[in-house]
Every structure is written in structure tokens, then in C-alpha cells.
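Enquirer: Encoded as C-alpha cells, here's the structure I'll be asking about.
The values are calculated or read from the model by the stated rules, or taken from the named source; none is laboratory data. Since the structure is predicted, the reported quantities are computational estimates derived from the model, not experimental observations. Cβ sites come from the backbone with ideal geometry, for glycine too, and all protein chains shown count toward neighbours.
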Amino acid sequence: MSTFQNEFAQPIGAPLANWKGAKPPSRVTLEGRYCRLVPVDPAAHLNDLAEAYDSAADGRDWTYLATGPFSTLEAYQEHLEKLASSTDPLHFTVIDTASGKALGTLALMRIDAVNGVIEVGFIAFSPLLKKTRIATEAIFLLMRHVFDDLGYRRFEWKCDSLNEPSRAAAKRFGFTFEGIFRQATTYKGRSRDTAWFSIIDPEWPALKTRYERWLDPKNFDADGAQIERLSTPQSAK
């Protein structure tokens, strides 16, 4: 319950006296320890991405995305060209620092700089990227850019409410579940209820520390297995 009141003794939201809005994202490169995020470039990334997605046994990774799977390289190239030309969503390719290979894409979208709200979406991680420290760092790099560089107040994650892997990933990455928007949209000829998650700026400093601790090479054993889980705060251990 709000502790702020106006002159009519009505509860109101916290004042934002110095708020001037956030910065819109641009096509920048975000450097990490295990990966870097670069603007989607069809000429540079097409073959790597197609090869990475072809490592999947079937097309189930595209079930909850509005596009795909793609039956030909030409169809995927056309899709990639659309991603590269878009500004909202603004798409990035995840490059493995060790191999130099492109392993997946993700985007910043629904960009509302005036209110300081932005969403991560269109996450298309290949099997070579899923459940790796690279995937976690890719999310962290976007999150850090959104809060530290661009000054957003709210970072959103939305997915089909039936997409259990995406919902589990959102929670692991530190997003708070906010509820279900019923019949929020349609795609691929079907109805979608949308699950909403968010991180807000007061939560970011503690979450940033958790990410940095988890991504430290000392948090992984000789076989590359994590020692401390990202979803377990230090105080809870």
C-alpha cells in the first residue's frame, strides 16, 4: 500500500521528481566473458545460426515463437534479414567468444523509453546455447545494458503461459511472476494466454551481484558444472 498521499488524502505513487526517461537502445556490441552480443547481420551470421539450429532433433524449439521452423536456408535468410532491419524489436546475435560462432538470437522489444519499460523477447537459443553459461551471460549482458547504460526502471519477460521452460527460465534469471493476461494475443492460428514477469530497478543491484558471482570462472568445477546456483541467493545457503 502506498504511503504517499496527495492534497485530498488519496494514496498516490512514489514521486519521480528527477525522472527524465530512459535512453532508447541502439545497435551496439555488448562484451562479456563467455559471449558477446552483436546486432544481427545476415551476411555474417546466417550459416552459423542455421547450423546451430540444425543441431536440434526436431522443430519443437519454435513452437512458442511467432515464426519458424524454417524448411530451407533461403527461408531462414529472409527471416534473418527482417530481424536485421527491425528497430523494435531490436535483435542481437549471441556469439560464443571461444569459437567465434553465432549460436542464437534475442531482442529488446516493446521499447518505452518515456516510462522506462523494456522487454526481452524473441529468444531463439539453439541447442548449442541452451543451458550453458553463455546463455545466462547473454541475458545478463542485456539486463546490465538496460539498467546501467540506458536507465530503464522495468525489464519485462513475457511468454505463452503454457511454455513451462520459458517460465522456469524467467524465474531462474530473477524475474518476478506477475500474473496471466488471458487471451492476450494470437499466433500461428491459436490463442495465447500470456505470462508476465518483471525485474524493477531497485532489485537490480542485488541481482547484478548474484549474476557476477555466478558467472565467475571459480563458480564452475573442472567439468564445467556450476557450484552455486544462480537462483539461490548467497544469504539462503
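Enquirer: Between residues in the range 84-97 that are on the phi < 0 side of the Ramachandran plot and residues that are hydroxyl-bearing (Ser, Thr, Tyr) and assigned to a strand (DSSP E or B), which pairs lie under 8 Å by C-beta distance while being six or more apart or on different chains?
Expert: The qualifying pairs are HIS91/THR105; PHE92/THR105; THR93/THR105; VAL94/THR105.
Enquirer: Taking only the range 107-122 into account, find how many residues are out of contact with any Asp or Glu (no Cβ under 6 Å at 6 or more places or on another chain) and in contact (Cβ under 8 Å) with a residue 40 or more places away in the chain.
Expert: Final tally of qualifying residues: 7.
Enquirer: Testing LYS130 on (1) modelled with pLDDT of 95 or more; (2) within 15 Å of the chain's Cα centre (by Cα); (3) not polar (S, T, N, Q), one condition comes back false. Which one is that?
Expert: The one condition LYS130 does not meet is (1).
Enquirer: Quick one: count up the residues across the range 5-19 that are in a loop (DSSP other than H, G, I, E, B) and surrounded by 10 or more Cβ atoms within 10 Å (Cβ to Cβ).
Expert: Going through the range 5-19 one residue at a time, the tally reaches 1.
Enquirer: Of the residues VAL38, VAL28, which single one is of a type in the set (A, V, I, L, M), out of contact with any Pro (no Cβ under 6 Å at 6 or more places or on another chain), closer than 30 Å to GLU212 by Cβ and in a strand (DSSP E or B)?
Expert: On inspection, the qualifying residue turns out to be VAL38.
Enquirer: Please verify whether the range 20-35 includes one or more residues that are crowded, with 17+ Cβ neighbours inside 10 Å and among the acidic types (Asp, Glu).
Expert: no
Enquirer: Same structure, new question: For the list (1) touching a residue at least 24 places away in the same chain (Cβ under 8 Å); (2) part of a helix (DSSP H, G or I); (3) out of contact with any Ser or Thr (no Cβ under 8 Å at 6 or more places or on another chain); (4) under 30 Å from GLY21 (Cβ atoms), I need the number of the one condition that LEU46 fails.
Expert: (4)
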